[in-house]
Amino acid sequence: MFSPASWKPKIKEKYIHAFILFGFAFAFKLHAAFALPIYLFVYFYKKNFSILHFLFISLTMLVSAIPAALFGRNIFEVFSIYFEQVGQYKLMSLNYPNIWYILDPSGTNSYESLKSASIYLTIAIILVIFIYLIKNKINLTLDKIVYILFISSYTCVLFLPEMHERYGYLPEVFSILSAVLNKKMILPAILINSVGFAAYGKYLYGSDIDITILSFLNVFAYIYSLKILIPKIIL
């Protein structure tokens, strides 16, 4: 029978494979970038592969664009299309229940003044968490990578601007994986995914749900998850 406590498989450390797969993910969808922090964390923490490995991301994206290029598209549009998307919507949140719905429910009054600050805040929170973990010299097992990826991706969607409700799928999936590994995460995982379903319902069906309340629940789930997982990671 599966026992999360005994689930400690060896990390194979096939970094080139990991970067190539990440490149394909990024070529399909911009918010694959929410997984980038774990790559940076592993690089700075383990220091056992070259920073040039990150070039495999761009190379893979170019290779994935070859079929489109054969039909007349500019191969470099695989990059430029993402730059065009950034700043396309002048709202702090696009139906994702994050902290900005609490501070400015309309999402319009604070965009110009808070957009840059929100990006710096997100980076700062992730850096503080990562520095704390590095200083504690954690044993980076596969289950801890799951926890760190969940925390960093959740931080991104909660604090970055212009987040759609669908951007929450990465932390939602990894909340479930975290709950499988740690039963204390069952309640946060249920809460996180319930908030996600409710946000989708408001978008798809016009459900009469106060997204500000969902935002409070989401922030609570985030803090609760940190309280559970940070001590678990540094053990």
Failed item in (1) at positive phi; (2) of a type outside the set (Ser, Thr, Tyr); (3) open to solvent by 80 Å² or more (accessible area, probe 1.4 Å), with GLY206 passing the rest:
(3)
Among the residues of the stretch 96-115, which ones are at pLDDT 80 or above, within 22 Å of ILE223 (Cβ to Cβ) and out of contact with any strand residue (DSSP E or B) (no Cβ under 7 Å at 6 or more places or on another chain)?
PRO97, ILE99, ILE102, LEU103, LEU114
I'm told ASN74 meets every condition in (1) at pLDDT below 90; (2) out of contact with any helix residue (DSSP H, G or I) (no Cβ under 6 Å at 6 or more places or on another chain); (3) part of a helix (DSSP H, G or I) except one. Can you identify the failing condition by its number?
(3)
Note on the stretch 59-75: residues surrounded by fewer than 15 Cβ atoms within 10 Å (Cβ to Cβ) and within 25 Å of the chain's Cα centre (by Cα) are LEU59
Over the stretch 161-211, the set of residues closer than 27 Å to LYS90 by Cα and among the β-branched types (Val, Ile, Thr) is ILE192, VAL195, ILE209, ILE211
Going through TYR154, TYR167, TYR132 one at a time, which residue ends up being within 20 Å of SER225 (Cα to Cα), touching a Ser or Thr at 6+ places or on another chain (Cβ under 8 Å) and not polar (S, T, N, Q)?
TYR154
So which residues in the stretch 12-67 are assigned to a loop (DSSP other than H, G, I, E, B), in contact (Cβ under 8 Å) with a residue 24 or more places away in the chain and either under 19 Å from ILE138 (Cβ atoms) or of a type in the set (Phe, Trp, Tyr) (or both), if there are any at all?
GLU13, ASN48, PHE49
Exclusive hit being part of a helix (DSSP H, G or I) and either over 17 Å from TRP100 (Cβ atoms) or of a type in the set (Val, Ile, Thr) (or both), set ALA221, ALA179:
ALA179
Does at least one position in the stretch 127-150 carry a residue that is polar (S, T, N, Q), closer than 28 Å to ILE211 by Cα and in contact (Cβ under 8 Å) with a residue 24 or more places away in the chain?
no
Identify, please: which residue in the stretch 210-235 is farther than 16 Å from ALA179 by Cβ and exposed (fewer than 15 other Cβ atoms within 10 Å of the Cβ) and is, among those, modelled with the lowest pLDDT?
LEU235
Any chance SER215 is small (Gly, Ala, Ser), touching a residue at least 12 places away in the same chain (Cβ under 8 Å) and closer than 24 Å to TYR43 by Cβ:
no
Somewhere in the stretch 154-168, is a residue surrounded by fewer than 19 Cβ atoms within 10 Å (Cβ to Cβ) and more than 22 Å from LEU36 (Cα to Cα)?
no
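The values are calculated or read from the model by the stated rules, or taken from the named source; none is laboratory data. Small disclaimer: the values here were computed from a predicted structure and weren't measured. When we count neighbours, we look across all protein chains shown, and the Cβ atoms used for this are built from the backbone with ideal geometry, even at glycine. Each accessible area value is taken on the protein alone, full model and side chains, heavy atoms only, with ligands, DNA and RNA left out. Shrake-Rupley method; radii C 1.70, N 1.55, O 1.52, S 1.80 Å.
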